[in-house]
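Taking it in order: structure first as structure tokens, then the write-up.
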Amino acid sequence: MTRSTSRPVLIAPSLLAADFTRLAEEVAAIESAGADWLHLDIMDGHFVPNISFGPAIVKALRPLTRMPFDVHLMIAPADPYLAAFAEAGADLISLHPEAGPHLHRSLQTIRGLGKKTGVVLNPGTPVESIAHVLDLVDLILVMTVNPGFGGQSFLESQLPKMATLRRMIDESGRDIRLQIDGGVTARTAPLCLEAGADVLVAGTAVFGAPDRAAAIRAIRGGQGA
Ligand code: DX5
Ligand code: ZN
């Protein structure tokens with residue numbers, strides 16, 4: 001497989017697909033299965049049509065693992081809660097441009113809290129919406145489902161967007177990761193990697209698998225498997 005990046009592929013299982021009655025064990029299980037980051041989906045029932053969990057759960061899990069916490073905010077407004085998620089133990093906080101009126105200011109706030117930043121592009125959101133904030137971005141997340149629920153089907157229509165963003169990142173010369181979220185499986189992961197992604201979120205495909213280590217290896221593909 002030809003890939004335009006030589007960076008290692010990181011796998012970030014989404015806690016949304018875990019057994020919520022056993023969160024501590026679920027986190028330990030995916031860490032020992034080889035997960036790189038823990039992806040935490042925060043939903044408010046307003047920006048997206050589902051409610052998940054908030055900073056209290058992030059804080060409770062923080063001492064249980066060494067994995068970086070990748071917090072994906074699907075809440076609007078996001079600004080009033082950035083400090084709470086930073087204090088709860090987020091390492092990276094991602095938000096959607098549609099979640100507030102001043103994306104640039106929100107990214108400055110996250111950086112000011114000492115955390116890494118991410119911007120998230122919904123399937124209908126164009127790449128141009130983030131073209132002028134790349135200097136404040138550590139990660140770009142391409143949604144390959146409409147956000148709100150796990151277990152949806154991967155939208156292949158987003159593959160050209162990934163390739164465009166990979167070019168944009170490479171041309172910028174900046175240290176920006178390209179993450180994919182939604183319907184990532186051992187079948188769809190190679191398409192994302194081919195298009196230039198280097199961080200793959202997977203909920204159902206990891207937590208729903210009988211052997212999480214094998215699932216992570218399969219999604220990562222040739223990389224470190
Ligand atoms: C969707 C979330 C995803 C979701 C992925 O709104 O942002 O992180 O949990 O779940 P799967 O991998 O099952 O599509
Ligand atoms: Zn997510």
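The values are calculated or read from the model by the stated rules, or taken from the named source; none is laboratory data. Treat the numbers as computed from the prediction; the structure is a model and nothing was measured. Positions of Cβ are backbone-derived with ideal geometry, glycine not excepted, and every protein chain shown enters the neighbour counts. The accessibility values were calculated without ligands, DNA or RNA, using every heavy atom of the protein model including side chains. Shrake-Rupley method; radii C 1.70, N 1.55, O 1.52, S 1.80 Å.
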*How many nm is it between the label spots at ALA131 and SER172, if each spot is 7 Å from the Cα in line with the beta carbon?*
1.3 nm
*asked:* Could you work out the relative contact order of region 25-98? I mean the mean sequence separation of Cα pairs under 8 Å and 6+ apart, divided by the number of residues, in percent.
replied: 33 percent
_Mean separation of Cα contacts under 8 Å (6+ apart) over length of region 1-124, as relative contact order %_ = 20 percent
*Which whole-number percentage describes the relative contact order of the chain, with Cα contacts under 8 Å and a sequence gap of 6 or more?*
22 percent
*Compute the normalised compactness of region 139-225: alpha-carbon radius of gyration over 2.2 N^0.38 Å, N being the residue count.*
1.07
*Based on DSSP H runs of at least 4 residues, each adding -39500 (n - 2.57), what is the mean residue ellipticity at 222 nm of the chain after dividing by all its residues, to the nearest 500 deg cm²/dmol?*
-8000 deg cm²/dmol
*If you place +1 on the Cβ of every Lys and Arg, -1 on the Cβ of every Asp and Glu, and leave all else neutral, what size is the dipole of the chain about its Cα centre, to the nearest 20 Debye?*
320 debye
_Give me, ordered by chain and number, the residues 5 or more places off LEU10 or on other chains with an amide H under 5 Å from its own placed amide H._
VAL199, LEU200
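In Å², what does the accessible area per residue of the chain work out to with a 1.4 Å probe?
42 Å²
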*Show which lysines lie in cross-link reach of LYS161 when reach means a straight Cα distance below 30 angstrom and same-chain residues fewer than eight apart are skipped.*
LYS115, LYS116
_Per-residue ³J(HN,Hα) for region 182-197, Karplus 6.51 cos²θ - 1.76 cosθ + 1.60, θ = phi - 60°, Hz, x for Gly and Pro_ = x, x, 7, 9, 4, 7, 8, 4, x, 5, 5, 5, 4, 7, x, 5
*Please report, as a whole percent, how much of the solvent-accessible surface of the chain comes from carbon and sulfur atoms (probe radius 1.4 Å).*
54 percent
*To the nearest 0.05, what FRET efficiency results for ALA163 and THR21 with a Förster distance of 35 Å applied to their C-beta separation?*
0.30
*In bins 10 Å wide, starting from 0, what share of all Cα pairs of region 1-152 does each bin hold, as a percent?*
10, 41, 37, 11, 0
